Each structure stands twice: as C-alpha cells, then as structure tokens.
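Notes follow the structure.
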Amino acid sequence: MNDRHANFDEDKLFALKDTHCGFRYCPRCGHELTESHIDGRDRMRCTQPGCEYVFYQNPIPAAGAILVENSQILLVKRAHPPKIGWWCIPAGFMEWHEHPTETTIRELEEETGLKIKIDSFFEVYSGTDDPRSNAILMLYLGTIIGGKLQAADDALDVRWFSLDNLPDKIAFEAHIQALADYNHRIRGIT
C-alpha cells in the first residue's frame, strides 16, 4: 500500500458507519449534535433554536455498466481502498449534477479509456460492504462505441474475463450479485 493509502483503516470506517459517520457537530451552525429518535430511527440532530438540522445517513448513489463481448465481461482492478487489487464492474459515485447514465459514461471512460453508449437499464443494488459508505448501485448494459482500452484513473488494470471463468477476488457483494444476475437473466445459467 502506498503512502496515500497508509491511513485507510477499514475497521475504523465500518465503526463510524455505525455511529452516524462520526458526525458530532452541525454543518449549518456548528453546535454539537445530539442523538434523537426521529422517524423510527436514532439520528443526530441540532437542538439550536432556528436550526434544528437532522443528519439523515443516506446511501450514496453510484452507477456503472456491464460490458459483454463474445461471452467476456470487462472488469477493472481497483487501485484505491477498499480492496486494492480486487476486480469489479466499472462504476463510480455520482457527481452532484449528474444523471446516473452520465455517471456511467464518465466512469467507464475514466477507468477503462472506452466510450460507451447505454443500451438499457439492468438492475439496482444496495451495497453495504464498503467501509466508506453504503451505496445504491445502478447498473446499465452498454456497448463500446470508441476509445482505447487502457487502465486509468481508479484502475490498476482493465481486462476481459470469460463469464465462465471470473477472477476469485470480486470487490463488492453488489458486483458479485450483479454477475450472478447477468448469468441467470441474460445467459440463462443458474
């Protein structure tokens, strides 16, 4: 692990997820937050009159694409924690003003060097096994329309794998489930 990732503590991050992501102060007024039972859950809220901010710990949206050619799927090898060196479907977190399809197209080009078009929506998954946050992963089926295959941005490597011979180390449960769903729904393999 390089110096940039030396302070990545997966156990500490998972613990923070269970304690309101470590939020202790109001991002609006700076006063200390207190735990309150709101909408059936324990949430952090500001009790300052006129502020009353509530921290809703919501998942982060992410999007990506399944690209398959000749019974092979394109996967990227992760360059950053968590799970450096593990394989995953090319995907990433949405930016503020993006539609999920824009995220998908941008992430695919950033990670693989390929330009794609979205063919159809595939599925949505809930990911809870990333220590940084929980994610809502929207996956599309796509087709390559240009570019040059090369690992870039968040990828150490990018490679085509036979759908019948995937790597052992797939990074996230949502990606494992998506690969199983693709084999079942598209290829008819149970």
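What follows is calculated from the coordinates using simple rules that are stated; it is not laboratory data. Please read all numbers here as calculations on a predicted model, not as lab measurements. FYI the Cβ positions are ideal-geometry reconstructions off the backbone, even for glycines, and counts take in every protein chain you see.
For region 142-190, which trypsin sites (Lys or Arg not before Pro) are in a loop by DSSP, counting at most 11 other Cβ atoms within 10 Å?
Answer by residue number: Lys148.
Counting other beta carbons within 10 Å of each residue's own, what order do Asp130, Asp11 fall into, fewest first?
Asp11, Asp130
What translational diffusion coefficient, to the nearest whole µm²/s, does the chain have by Stokes-Einstein, given a Kirkwood radius computed over alpha-carbon pairs, a temperature of 4 °C and 1.567 mPa s viscosity?
Reported coefficient: 71 µm²/s.
D for region 90-190, whole µm²/s, Stokes-Einstein with Kirkwood Rh over alpha-carbon pairs at 20 °C and 1.002 mPa s: what number?
Values: Rh = 14.6 Å.
D = 147 µm²/s.
Could you list Leu114, Leu137 so that the one with the fewest beta carbons within 10 Å of its beta carbon is first and the one with the most is last? Mind showing how you got there, number by number?
Details: Leu114 21, Leu137 26.
Ordered by Cβ neighbours within 10 Å, fewest first: Leu114, Leu137.
Towards the positive end of the charge dipole of region 83-190, with charges on Cβ (+1 Lys, Arg; -1 Asp, Glu), say which of Gly127, Gly85, Tyr182 has the farthest Cα.
Going by the Cα projections, it comes out as Tyr182.
Assigning unit charges at the beta carbon (Lys, Arg +1; Asp, Glu -1) and nothing else, what dipole magnitude in debye, to the nearest 20, does region 47-190 show about its Cα centre? Spell out each step's value before the answer.
Working: 12 positive and 20 negative charges, 70 e Å.
Here region 47-190 has a charge dipole of around 340 debye.
Take peptides 79-86, 38-45 and line them up by average Cβ neighbours within 10 Å, highest first, as a rough protection proxy.
Top to bottom by mean Cβ count within 10 Å: 79-86, 38-45.
Given 4 °C and 1.567 mPa s, compute D for region 3-55 with the Stokes-Einstein relation, Rh being the Kirkwood radius over Cα pairs; round to the nearest whole µm²/s.
104
Could you tell me the center-to-center distance, by alpha carbons, between region 36-51 and region 110-181 in angstrom?
When both Cα centres are located, 37 Å separates them.
Could you tell me which residue out of Cys21, Leu163, Thr112 lies farthest along the dipole of the chain toward its positive end? Charges go on the beta carbon: Lys and Arg +1, Asp and Glu -1, centred on the Cα centre.
About the Cα centre, the residue reaching furthest to the positive side is Thr112.
Most exposed first by the Cβ proxy, i.e. fewest other Cβ within 10 Å, how do Thr112, Thr103 rank?
Fewest-to-most ranking of Thr112, Thr103: Thr103, Thr112.
Which length gain, in nm to one decimal place, applies between Arg41 and Phe23 when the Cα-Cα distance is subtracted from 0.36 nm times their residue separation?
4.9 nm
Could I have the simple spin-label model distance between Asn165 and Ile84, label points 7 Å from Cα toward Cβ, reported in nm to one decimal?
Placing both labels 7 Å beyond Cα along the Cβ direction yields 2.9 nm.
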